[in-house]
Structure formats: structure tokens, C-alpha cells
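Reviewing the structure listed below.
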């Protein structure tokens, strides 16, 4: 069983955009020993002012360590106010609970981090864009949940 993997290799990135940055994940599929530990990992590199769209951890808590640069992070749970909304810089650590939404935006020198997640097959789900969970919901559900018209829900 392999016990080493280079998550910092840019060619290994799971998600890449030239202006935004890259995300690499490590789980029990590509490093089987993580199954025994019930852990997975993520390494993110955002370019200057790049943003990682709002998303949430579906099945794991996450411990995030900023390894380089700085940026703004917002973490929101099911209350009416953010659990965290502030600037982070190299050396800081954040705990992101399961089912809390998170958005990251890099500062002028970019933002790099590593995260350890408490599930060997941790999954995230985007809250915006083509594959968002909200976009997949029926229009009537959105209209009733957010108390908006069916037309507004359809446009969202």
C-alpha cells in the first residue's frame, strides 16, 4: 500500500483555471492508506484575487491551514450570521464544520492552503454555477423555501 503522494504537483490538479488557480484532492481512491485513517486532503492554490466559488463539505469536517499568501474567507452555517468572515494569512488555521458553506478569495499575493478532511472520501458540492445543488432543485421548492416568485426562482 502506497503511503506517499505529491499533492503539490500542478499537473495532478483536479480542477484548474488559468486565471483562478487549482485544487488537488487526495483520498482513499488515490492513496489507499487514507481509508484506514478515515482522512482525506485538499491543496488549493488561488492566483491573485482569484476566488473558489461558494461550496460546502457534504460528509466531512475540514481543518484548513493557510500555507502562503492571504485572502478573505467566509464560512456560513444555518444561522442568519456568518460563523467566520475575515482575512486570513500564512500560518493561520480554520475549522470548517460539515454542512457549512465556505467561499475563499485570494488577496494581492494569492492564497495557498492545505486541508485535512474527516472522511476518506470527502465530497464538496458547489452552491453556484452549472453544477450547483440549488440549480438542481425544483422551481417550486426554491420559490417556497426562499419566499420568492416562481419566475425569480427560475432565473436563479
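The values are calculated or read from the model by the stated rules, or taken from the named source; none is laboratory data. Nothing here was measured: the structure is a model prediction, and the numbers come from that model. We place every Cβ from the backbone using ideal geometry, glycine too, and count neighbours over all the protein chains shown.
Structure notes:
- Within segment 72-98, being in a loop (DSSP other than H, G, I, E, B) and at pLDDT below 95 holds for 77, 78, 79, 80, 81.
- Filter result (outside any strand (DSSP E or B) and either over 11 Å from the mean Cα position of the chain (by Cα) or outside the structural domain of residue 57 (by TED's automatic domain parsing) (or both)) within segment 100-121: 118, 119, 120, 121
- Members of segment 122-146 that are touching a residue at least 24 places away in the same chain (Cβ under 8 Å) and part of a loop (DSSP other than H, G, I, E, B): 122, 123, 127, 128, 129
- Residue within segment 45-58 that is in a loop (DSSP other than H, G, I, E, B) and under 20 Å from residue 132 (Cβ atoms) present: yes
- Residues in segment 135-145 that are surrounded by fewer than 12 Cβ atoms within 10 Å (Cβ to Cβ) and farther than 20 Å from residue 125 by Cα: 1 in all.
- Residue within segment 114-122 that is modelled with pLDDT of 90 or more and touching a helix residue (DSSP H, G or I) at 6+ places or on another chain (Cβ under 9 Å) present: yes
- Search result, residues across segment 1-37 that are part of a loop (DSSP other than H, G, I, E, B), surrounded by 14 or more Cβ atoms within 10 Å (Cβ to Cβ) and either over 17 Å from the mean Cα position of the chain (by Cα) or in contact (Cβ under 8 Å) with a residue 24 or more places away in the chain (or both): 5, 7, 20, 27, 28, 30, 31
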